[in-house]
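Report on the following structure.
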Amino acid sequence: MAENVRIKLPESAKKGEVIEIRTLVSHIMETGFRKDEAGKLVPREIINKFTCTFNGAPLFSVDLEPAIAPNPYIKFNMRATTSGTLRFSWFDDNGTVTTEDRKIVVT
Amino acid sequence: MSGSSRRDVLALAVGGAALAVAGAAAQATPQEAADAIARFTGGVPPVPGKIAIDLPEIAENGNTVPFAATVDSPMTEEDHVSDILVVAQANPRPRIVTFHLTPACGRADVATRIRLAATQDVVVVAKTSKGHFITASKTVKVTVGGCGG
């Protein structure tokens with residue numbers, strides 16, 4: 001269900017600079033508390049985990065609950081040390097994992 | 001002791017019991033919120049600390065409320081924020097989100113968008129690498145709740 005992601009971060013940064021990383025994933029974030037027209041509870045389906053690694057090392061992660069709004073937006077930071085690859089992963093209740101990579105050049 | 005005074009005592013007792021029941025129902029969720037915080041801190045009571053919470057005073061749509069928190073921390077190997085828990089006392093489930101940070105983040109500064117079911121206090125608890133727990137909270141007035149149903 002998470003087919004569309006948006007990631008914003010600078011392509012390059014100076015060593016020691018703290019950069020901002022903003023991510024958005026398209027997802028309904030069905031809480032499991034809502035009832036359909038027939039009065040039946042709509043089963044929960046959310047992105048329950050988000051992780052970000054830099055050159056394979058854990059940088060930042062989030063445990064999401066049904067109280068996160070649809071199309072989860074997450075903002076965090078990274079201190080630029082060396083050039084490398086950031087890997088972003090979103091974990092859906094249904095088992096799907098969406099992964100995206102972004103490179104950053106540090107001078 | 002006359003019969004009437006005994007009746008008064010009984011009426012008081014019954015009234016008191018009814019109040020106690022109503023109170024228990026209204027506070028069930030704050031208790032769950034307290035439990036969620038206790039699970040996060042391992043029972044250590046968090047102390048008020050330097051956490052800046054950015055939330056609107058009035059949220060017209062509780063279905064998507066912008067949230068940001070910044071914890072004052074040097075974010076070094078020796079002294080950094082490792083985890084940030086966000087709790088909403090009046091939501092169906094008090095736990096909203098938990099952020100896990102590393103020194104490589106450089107700043108303990110996070111943002112997302114949350115759902116709030118009703119007017120309530122949003123509580124943020126941060127865990128530091130030194131094992132300290134600090135907390136801050138902010139009240140948000142919610143016009144239209146955001147948890148469906």
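Things to note:
- Options B:Ala69, B:Ala126, B:Ala117; residue that is surrounded by 19 or more Cβ atoms within 10 Å (Cβ to Cβ) and farther than 30 Å from A:Leu86 by Cβ: B:Ala117
- So A:Arg22, is it at the interface with chain B (Cβ under 9 Å from one of its Cβ atoms), touching a Gly at 6+ places or on another chain (Cβ under 6 Å) and of a type outside the set (A, V, I, L, M, F, W, C): no
- Residue within the range B:60-75 that is touching a Phe, Trp or Tyr at 6+ places or on another chain (Cβ under 8 Å) and either free of Cβ contacts under 8 Å to residues at least 40 places away in the same chain or among the β-branched types (Val, Ile, Thr) (or both) present: no
- Selection count, the range B:101-118, where residues are more than 7 Å from chain A (Cβ to nearest Cβ), closer than 24 Å to A:Ile28 by Cα and more than 12 Å from the chain's Cα centre (by Cα): 2
- Where a residue in the range A:3-17 is farther than 25 Å from A:Pro70 by Cα and its partner, wherever it lies, is modelled with pLDDT of 95 or more and loosely packed, with under 15 Cβ neighbours inside 10 Å, with Cβ under 6 Å and at least six apart: A:Ser12/A:Val105
- A:Phe76 being within 22 Å of B:Thr64 (Cβ to Cβ), touching a Cys at 6+ places or on another chain (Cβ under 7 Å) and not β-branched (Val, Ile, Thr): yes
- Looking at A:Phe54, A:Phe88, just one residue is more than 11 Å from every other protein chain (Cβ to nearest Cβ) and either surrounded by 14 or more Cβ atoms within 10 Å (Cβ to Cβ) or acidic (Asp, Glu) (or both), and that residue is A:Phe88.
- Residues within the range B:52-73 that are acidic (Asp, Glu) and either facing chain A (nearest Cβ under 10 Å) or closer than 15 Å to B:Val87 by Cα (or both), tallied: 1
- Scanning the range B:74-100 for residues that are more than 8 Å from chain A (Cβ to nearest Cβ) and under 17 Å from the mean Cα position of the chain (by Cα) gives B:Asp83, B:Ile84, B:Leu85, B:Val86, B:Val87, B:Gln89, B:Ala90, B:Pro94.
- Some residue of the range A:72-81 being within 20 Å of A:Leu9 (Cα to Cα), in contact (Cβ under 8 Å) with a residue 60 or more places away in the chain and surrounded by fewer than 17 Cβ atoms within 10 Å (Cβ to Cβ): yes
- Selection status of B:Ala126, of a type in the set (A, V, I, L, M, F, W, C) and without any contact (Cβ under 8 Å) to a residue 12 or more places away in the chain: no
The values are calculated or read from the model by the stated rules, or taken from the named source; none is laboratory data. The shown structure was predicted, so the numbers you read here are calculated from the model rather than taken from an experiment. Please note: Cβ atoms are built from the backbone with ideal geometry, for glycine as well, and neighbour counts cover all protein chains shown.
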